[in-house]
1. Is it the case that the stretch 351-370 has a residue that's assigned by TED's automatic domain parsing to the domain that holds Val315, in a helix (DSSP H, G or I) and closer than 18 Å to Asn303 by Cβ?
2. If you go through the stretch 26-73 one residue at a time, how many are in a loop (DSSP other than H, G, I, E, B) and touching a Lys or Arg at 6+ places or on another chain (Cβ under 6 Å)?
3. Provide a single number: the residues in the stretch 65-93 that are more than 20 Å from Glu123 (Cβ to Cβ) and in contact with a strand residue (DSSP E or B) (Cβ under 6 Å, 6 or more places away or on another chain).
4. Quick one: in the stretch 377-413, which of the residues that are β-branched (Val, Ile, Thr) and assigned to a loop (DSSP other than H, G, I, E, B) is modelled with the lowest pLDDT?
5. Can you tell me which of (1) surrounded by 14 or more Cβ atoms within 10 Å (Cβ to Cβ); (2) at pLDDT below 85; (3) farther than 23 Å from Asp111 by Cβ; (4) of a type outside the set (D, E, K, R) is the one Val35 doesn't meet?
6. Quick test for you: out of Ala298, Ala277, pick the one residue that is assigned by TED's automatic domain parsing to the domain that holds Val247 and in contact with a Phe, Trp or Tyr (Cβ under 6 Å, 6 or more places away or on another chain).
7. Anything in the stretch 314-360 that is surrounded by 15 or more Cβ atoms within 10 Å (Cβ to Cβ), within 17 Å of Pro396 (Cβ to Cβ), under 60 Å from the mean Cα position of the chain (by Cα) and among the hydrophobic types (A, V, I, L, M, F, W, C)? List them, or say none.
8. Which condition number in (1) at pLDDT 80 or above; (2) outside the structural domain of Gln115 (by TED's automatic domain parsing) is the one that Val58 fails?
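The values are calculated or read from the model by the stated rules, or taken from the named source; none is laboratory data. These numbers come from a predicted model, not from an experiment. Please note: Cβ atoms are built from the backbone with ideal geometry, for glycine as well, and neighbour counts cover all protein chains shown.
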Amino acid sequence: MVPTAISQEDIVPVESVPIENNVPNDSVYFADVLVRGQPIFQIGSLAEIDARQRAATVNRRIASLLAQNQPLEQVSVNPDNPRKIATLQVNNRVLMTVTEQDAQDFGLEVDSLAQKWADQLNEAVDKPPLAIDVGQRLYGTVRQLIRNTIGNLPSIIGAIIVVGLTWGAATIVRYVAFTWAQQTEGDSSSEILIGRLSYGLVWVIGSVIALGVLGIDFAALLGALGLTSVAIGFSLKDVLSNYISGVILLAARPFRINDQVVIDVYEGTITQIQLRATTLKTYDGRLVYIPNQEVFQASIINNTASPRRRSSVIVGIDYDADIKEAQQVIYQAVNSIETVEKNPVPEILVQELAASTVNLEVRFWVDSRRTGFLTTTSIVTEAIKKALEQANIEMPTDIYTLVFRNSPNQRLI
């Protein structure tokens, strides 16, 4: 097993050094030089030392250097031409000696072989295996995080206390603001707006204080956010537009909850007003969620902004009928219905002289709610028809007269 942490335990014992061939111990000719458990190259035996013992010594020196916290220099080659050897050194320590026997074993010059091994060692030290590198980085990061956490523990505890106090204060302020809005505004939309804005304002103040306790410069944070404000603005443009439009709608109040409105192609009753979208329930029972940006840009018809709403009915009477009498009959019929408002009084106006009828427009005021509006209009229409029939005032249908000019008399056989 190859250890992942770099310590004195990384020194590879003699028994664990891999060998080239499965031969007796006294006949080992080559052994591997290891860096972090990975074989880099092989060195051979000398007259006075076995290859395995020689590699173990080199591996021990490499492991001891890697276990130190100080940075490692590049492996350098120091040739000794009179003796026909070269030494590999790092941090003023000799790692190994390249001899003439090594050069003969690999068919290279001493200096060339030494430089080749030095390059291989430098590459292995600078680029550790992925698993070892990731493990080292993770270990260092976690250890640094623990140290920072312990060092900043008072600030963290203080920030947590500030967050807790902010939550409590925001809850209390929202309750007080909502209660005050209920007593003064009398509109649920405004109450929701005031409660949410006060709650959010307290959280903004508390967040600034918590960041200060943690030692974060709020001005510097705003500057950093300013660098990315353009990208954030483009990516959250629609979301922010909906929220801003929602605040304006709640403040301007073109409609309230339970108002019956027409927004673009949708008509129904307002059931909920949120900062992002407005919920409308159509008269056939469907729920429509309209983004506040679309609501803000659309033309809004509020049918229940006033408690009363005018309705009208068109009635066609015969040309031979007395218009004044017909108006009097219609007025009495409309005025007898309890759900029709007495003030303003109903109006009966001559609207059009049609082809076969004189069209009268009957105007009257009723409850602005849709149910009362439709029901009363239907009752008025039925009462006008019955009253005109009882007064023997005809309501003819359209009559078309066909005139044939210059047509010769022909006899059909």
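1. Yes.
2. Result for the stretch 26-73: 1.
3. The number of residues fulfilling the criteria is 2.
4. Ile413
5. (3)
6. On inspection, the qualifying residue turns out to be Ala277.
7. Answer for the stretch 314-360, where residues must be surrounded by 15 or more Cβ atoms within 10 Å (Cβ to Cβ), within 17 Å of Pro396 (Cβ to Cβ), under 60 Å from the mean Cα position of the chain (by Cα) and among the hydrophobic types (A, V, I, L, M, F, W, C): Val315, Leu360.
8. So the condition that Val58 fails would be (2).
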